[in-house]
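The values are calculated or read from the model by the stated rules, or taken from the named source; none is laboratory data. Since the model is a prediction, treat every value here as computed from it, not as a measurement. Cβ: placed from backbone, ideal geometry, glycine included. Neighbour counts: every protein chain shown.
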Amino acid sequence: MNAVLVNGELTDAVSARDRGFQYGDGLFETLAVQHGMPFLLDKHLARLSAGAERLGFQISPALLRQEAEQLCRNVERGVLKIIVTRGISMRGYRGDPAATPTRVLSLSDWLSYPTGYTKEGVDVRLCRTRLAAQPALAGLKHLNRLEQVLARAEWGDEYAEGLMQDESGNIVEGTMTNVFLVCDGTLVTPALDRCGVEGVMRSEVLARAARLGIACRVETVTPEYLELAQEIFLTNCLIGLWPVRRVERRSYAIGDITHKIQQAIRDAYVAG
């Protein structure tokens, strides 16, 4: 299963002059698909639209919805990736205000992770590669992912994920996940006002935790939090939630709050 739509046409060709290719001038979303339905599509499209507005161009959520539903129809299980760029322009960093944004929607096979990751937890490392601070881009899932590429190259299969820090050593996120810590009954997740990606599943977790009456804080997470935390878990829209059983040499319990959140979001991703 490798279907691709570029501006509504079945093709995998994108212009070499597209600013997404030239400069990483665009955004993307990755969605789980099951029974022909892209999970949390409304929230992904809302994030795309808000991100494009921050970057200074407009997209059509209605058109993207139509194309997403077209591509995912009759798909039992898969992964949908939506990319939007500023479009095609001539050479130079200044974009053409009249350019039409490029839409790329691609469907790929579901990647099954070991079932033990969800039930028994994962081992995680601290990455050497640091995230640079850039408040203008903080929170956005933009196309510039070289920090994550370098970080993921640091290990093979001995860890399921790596935690990334900013230049001051604060914990920000995983290479492909958001991170949550449980400290004395309070759910804590790193602030993303200087770098990092504001994940759709992260927002779901915060909203559903609040409805469960679980206290939540969004704040700077210093390395000392790894010593203070009783539980840690990771989230994104494909994996749902992975409990963390170990960060390098330190072990963690898979506790009550982790289990409660895992149950609370079970309708928002493809299990297993």
Item to complete: List the number of the failed condition for residue 117; all other conditions in (1) part of a strand (DSSP E or B); (2) over 30 Å from residue 14 (Cα atoms) hold.
Response: (1)
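Looking only at residues that are in a loop (DSSP other than H, G, I, E, B) and polar (S, T, N, Q) in region 48-102, which one is surrounded by the fewest Cβ atoms within 10 Å (Cβ to Cβ)? Talk me through it step by step, then tell me what you get.
Residues of region 48-102 in a loop (DSSP other than H, G, I, E, B): 56-60, 73-76, 86-87, 89-101.
Then drop every residue that is not polar (S, T, N, Q), which leaves 58, 60, 74, 89, 100.
Numbers: 58: 9, 60: 14, 74: 6, 89: 19, 100: 11.
Top of the filtered list is 74.
Would you point out which residue out of 32, 3 is in contact (Cβ under 8 Å) with a residue 12 or more places away in the chain, small (Gly, Ala, Ser) and surrounded by 21 or more Cβ atoms within 10 Å (Cβ to Cβ)?
Numbers: 3 fails: surrounded by 21 or more Cβ atoms within 10 Å (Cβ to Cβ).
The conditions single out 32.
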Item to complete: Only residues that are among the charged types (D, E, K, R) and closer than 21 Å to residue 25 by Cα: list them for region 67-108, please.
Response: 81, 86, 91, 94, 96, 103
Worksheet item: For residue 107, all conditions in the list (1) under 20 Å from residue 140 (Cα atoms); (2) touching a strand residue (DSSP E or B) at 6+ places or on another chain (Cβ under 6 Å) hold save one; what is the number of the exception?
Response: (1)
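Can you say whether residue 224 is among the charged types (D, E, K, R) and surrounded by fewer than 19 Cβ atoms within 10 Å (Cβ to Cβ), as far as the supplied structure shows? I'd like the intermediate steps shown before the answer.
Details: among the charged types (D, E, K, R): yes; surrounded by fewer than 19 Cβ atoms within 10 Å (Cβ to Cβ): yes.
Here the answer is yes, as residue 224 does meet what is asked.
Where in region 183-266 are the helices (runs of 4 or more DSSP H), entirely inside, with at least 3 residues that are in the same structural domain as residue 81 (by TED's automatic domain parsing), farther than 22 Å from residue 120 by Cα and at pLDDT 95 or above? Reasoning before the result, please.
On the way: elements: 200-211, 225-228, 256-264.
Result: empty, no element qualifies.
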Discussion item. Residue under question is residue 160, and the condition is that it be surrounded by fewer than 18 Cβ atoms within 10 Å (Cβ to Cβ) and small (Gly, Ala, Ser); does it hold?
Written reply: no
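For (1) over 30 Å from residue 263 (Cβ atoms); (2) assigned by TED's automatic domain parsing to the domain that holds residue 235; (3) not basic (Lys, Arg), each residue gets a yes or a no:
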site: 89; (1), (2), (3): yes, no, yes
site: 92; (1), (2), (3): yes, no, yes
site: 103; (1), (2), (3): yes, no, no
site: 124; (1), (2), (3): no, yes, yes
site: 139; (1), (2), (3): no, yes, yes
site: 151; (1), (2), (3): yes, yes, yes
site: 167; (1), (2), (3): yes, yes, yes
site: 176; (1), (2), (3): no, yes, yes
Worksheet item: What number of residues within region 140-172 satisfy the criterion of being out of contact with any Cys (no Cβ under 7 Å at 6 or more places or on another chain) and either free of Cβ contacts under 8 Å to residues at least 24 places away in the same chain or outside any strand (DSSP E or B) (or both)?
Response: 22
